[in-house]
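> Next up is a structure, given as structure tokens.
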Amino acid sequence: MRFEGQTAIVTGAGRGIGRAIALRFASEGARVACVSRTEENARKIAHEINRARANAAKAYAVDVADHAAVQNVGADILTDFGRADILVNNAGVTRDALTVRMSVEDWDSVINTNLRGAFSFTHSLVRAMTKQRNGRIINISSVIGLMGNAGQTNYGASKAGLIGFTKSLARELASRNITVNAVAPGFVVTDMTAGLSDQVKDTIHSKIPIGRAGSPEEIAAAVAFFASSEAAYITGQVLCVDGGIVM
């Protein structure tokens, strides 16, 4: 129960990697603020956690791209839980297209959700962490932010931006005993990747030294490490959990 007495805020908690992260923190004693764009998904994961441990989770529905709405939700979380110990900026979307065919709306949608959303949630909670003189912020980037991928210039830019955000924020907050790190998943089996054909999946697997996709639970394990006391002397780092694709 490494996180007993702590509050973890997980964005994009309704499915995939975010859901696995929320469940991991709950299983180790944390109270979890489950944030999702839709109320249905937020309530579903909070209910799942509360069935195992009463009053361990609350649901919050917000579009992380809406800065003003996020500030309100951040204030609600602090009122409901009284503190913010761990923030996982996981919410993300894709709108893939070659750059020549990409609309500015699809560019803005990805940047505003994946990158500005992380800024907005951090902005809403970091003062509370500073007053506590303790905190953990973990941003979910991607190997695409490190190596790029055709058809994903918006996604790659957002995830590379998260790495720069992580390193700069880590320098700002280190003296307040707040660490900031990033996890960069590789190819992970989620709803976002489930629609790919078997041929495409086989091609991707052939490029991964370990030879398989990762699981959301494997990403959650890395996030839990960064959030734990064992990682207290680690900040400003990017951990690739990718089967070796970017070694």
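Values in this text are rule-based calculations from the coordinates and carry no lab data. These numbers come from a predicted model, not from an experiment. Note that we place each Cβ from the backbone using ideal geometry, even for glycine, and neighbour counts take in every protein chain shown.
> Provide SER36, SER27, SER229 in ascending order of the number of other Cβ atoms located within 10 Å of each residue's Cβ, fewest first.
Lowest count first: SER229, SER27, SER36.
> ASP80 to VAL200: FRET efficiency via 1/(1 + (r/R0)^6), r the Cβ-Cβ distance, R0 45 Å, to the nearest 0.05?
0.60
> I'd like the Karplus ³J(HN,Hα) series for region 50-66: coefficients 6.51, -1.76, 1.60, θ = phi - 60°, whole numbers in Hz, and an x wherever there's a Gly or Pro.
Each residue of region 50-66 in turn: 5, 5, 7, 8, 4, 6, 8, 8, 9, 9, 9, 9, 7, 8, 5, 6, 8 Hz.
> Find out how many positive minus negative residues lie around ARG83, taking Lys and Arg as positive, Asp and Glu as negative, among other residues whose Cβ is under 15 Å from that of ARG83.
+3
> Moving on to the next point. Dimensions of region 7-238 along principal axes (Cα, Å, largest first)?
Result for region 7-238: principal-axis Cα extents of 48, 38, 34 Å.
> Run the quick spin-label model on ASN134 and ILE234: label points 7 Å from Cα toward the beta carbon, then report their separation in nm to one decimal.
Spacing of the two 7 Å Cα→Cβ label points: 2.0 nm.
> Let me ask you something else. Going 7 Å from the Cα of ASP96 along its beta-carbon direction, which residues of region 181-215 have the amide nitrogen within less than 14 Å of the resulting point?
Counting only backbone N, you get 187-205.
> Hey, got a sec? Which GluC sites (Glu not before Pro) in region 150-247 land in a DSSP loop and have at most 14 other Cβ atoms within 10 Å?
Here no GluC sites (Glu not before Pro) fit, given the DSSP loop and packing criteria.
> Can you give the FRET efficiency for SER103 and ARG171, using 1/(1 + (r/R0)^6), R0 = 30 Å, r = Cβ-Cβ distance, to the nearest 0.05?
Calculated transfer efficiency: 0.25.
> With a 10 Å Cβ neighbour count serving as the proxy for reagent exposure, in which order, fewest first, do SER103, SER141, SER197, SER120 appear?
Starting with the residue having the fewest Cβ neighbours, the order is SER197, SER103, SER120, SER141.
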